[in-house]
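Novice: Can you read through this structure? Questions will come right after.
Quick note: the coordinates plus some simple rules give every number you see, no bench work behind them. Quantities reported herein were computed from a predicted structural model and do not represent experimental measurements. Quick reminder, even Gly has a Cβ in these numbers, built from the backbone with ideal geometry, and neighbours come from all protein chains shown.
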Ligand code: NAD
């Protein structure tokens with residue numbers, strides 16, 4: 001019988017790529033998301049390949065409020081990617097949604113997993129659980145999130161680990177701390193897509209701060225490989241970094257985007273934003289040891305692939321960059 005798995009956040013950027021990769025491996029995939037397929041153009045585009053696959057079952061559910069037990073029927077692996085992402089809006093009144101979706105939603109999912117006898121949950125954690133760091137972050141480093149988003153991701157990560165550590169638990173957990181993910185279908189609020197969009201339209205991209213802040217960008221196919229590998233490793237509970245192998249300054253990223261597109265990138269400078277750390281960088285030793293992971297797509301190649309995708313965008317997707 002074909003193995004059946006649940007992917008939460010299936011209509012999103014990373015979730016939809018995980019869905020495609022699992023389907024390509026012949027798995028039966030239940031794709032849960034609160035977005036309304038048929039009424040959300042970007043979600044429809046993300047799942048356009050999956051939608052025609054008989055192994056795929058889309059399911060519209062909100063993790064924070066809807067019943068979940070039936071979604072887990074016959075699944076012994078869950079890839080939990082659903083969350084409200086983004087640092088900046090998490091400071092405001094929208095924090096309610098971060099708490100509901102990221103913390104309460106994760107708790108409800110874990111409860112349902114425990115009841116249904118799920119064997120493995122892979123959780124999409126984030127580099128934002130680390131605070132300011134002067135060297136590549138290791139999983140054993142103290143956590144110190146500097147944004148409400150980071151706090152919500154750390155709270156959910158710790159909830160997952162607590163469920164796995166219960167003495168009577170059959171659920172094992174691998175939490176992957178993703179470092180800034182990019183590639184086709186990237187959320188329109190994220191940096192690389194915005195740089196490429198600025199290159200092609202001539203509309204200025206906003207650079208927060210002086211551009212010296214450094215980010216470790218990780219290409220989507222590498223993230224997907226690590227995520228699927230995490231479903232099968234022999235562990236009761238683990239936390240593992242998933243990074244791109246190098247960090248680059250935002251000024252460096254702008255230069256790279258310019259080199260990839262052969263175009264000037266107009267920039268407008270704004271104040272540094274609260275919650276943005278000066279640098280993110282991943283120690284990937286544990287990822288190599290546990291997952292056999294090493295990133296295979298560098299920033300130039302990854303940007304070139306995202307750029308080829310971006311030049312053929314739908315009107316809806318283009319509009320999302322300017323909204
Ligand atoms: P995304 O917004 O594209 O996808 C998240 C999906 O989750 C969306 O489709 C959304 O509708 C769904 N969702 C949110 N709340 C939900 C709820 N209550 N019930 C059901 N569905 C819900 O974001 P993404 O960039 O693909 O991120 C995926 C995951 O990876 C998130 O958990 C995010 O925190 C984590 N992550 C992302 C990055 C990155 O660089 N993109 C970095 C670190 C961690």
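Novice: For segment 111-153 and segment 259-323, compute the distance between their C-alpha centroids and round to whole Å.
Specialist: The two parts, judged by their Cα centres, are 21 Å apart.
Novice: Over segment 207-323, what is the relative contact order in percent, taking alpha-carbon pairs closer than 8 angstrom and at least six residues apart?
Specialist: 40 percent
Novice: Roughly what would the spin-label model give for residue 88 and residue 210, points 7 Å off Cα along C-beta, in nm?
Specialist: 2.1 nm
Novice: What FRET efficiency would be calculated for the residue pair residue 97, residue 49, taking the C-beta separation as r and a Förster radius of 41 Å, to the nearest 0.05?
Specialist: Here the calculated transfer efficiency is 0.90.
Novice: If you don't mind, another one. Multiply the residue separation of residue 249 and residue 170 by 0.36 nm, subtract the distance between their alpha-carbon atoms, and state the gained length in nm to one decimal.
Specialist: 24.2 nm
Novice: Determine Rg/Rh for the chain; Rg is computed over alpha-carbon atoms and Rh is the Kirkwood hydrodynamic estimate from the same atoms.
Specialist: That ratio equals 0.95.
Novice: Of the beta bridges DSSP finds with both residues in segment 4-322, what % are antiparallel, to the nearest 5?
Specialist: 5 percent
Novice: What percent does the relative contact order of the chain come to when contacts are Cα pairs within less than 8 Å and at least six residues apart?
Specialist: Relative CO of the chain lands at 17 percent.
Novice: Taking 0.36 nm per intervening residue step and subtracting the Cα-Cα distance, what contour gain separates residue 258 from residue 111 on full extension?
Specialist: Computed gain between residue 258 and residue 111 is 48.2 nm.
Novice: Here's a follow-up. Using a 10 Å cut-off around each Cβ, can you sort 224, 267 from fewest to most neighbouring Cβ atoms?
Specialist: Fewest-to-most Cβ neighbours within 10 Å comes out as 267, 224.
Novice: Additional query: Going by average Cβ density within 10 Å per residue, which order do the peptides 152-163, 286-297 take, highest to lowest?
Specialist: Descending packing order for the listed peptides: 152-163, 286-297.
Novice: Would you kindly state how much longer the chain becomes between residue 162 and residue 135 on full extension, computed as 0.36 nm times their sequence separation minus their alpha carbon distance, in nm to one decimal?
Specialist: 6.9 nm is the gain from fully extending residue 162 to residue 135.
Novice: Calculate the FRET efficiency for residue 322 and residue 39 from the Cβ-Cβ distance with a Förster distance of 22 Å, rounded to the nearest 0.05.
Specialist: It comes to 0.55.
Novice: Within 10 Å, count the other beta carbons around each residue, average over each peptide in 309-318, 168-177, 120-129, and list them highest first.
Specialist: The peptides rank, most packed first, as 120-129, 168-177, 309-318.
Novice: Given a Förster distance of 30 angstrom, what is the FRET efficiency for residue 296 paired with residue 144, based on the Cβ-Cβ distance and rounded to 0.05?
Specialist: Efficiency computed from Cβ-Cβ geometry: 0.45.
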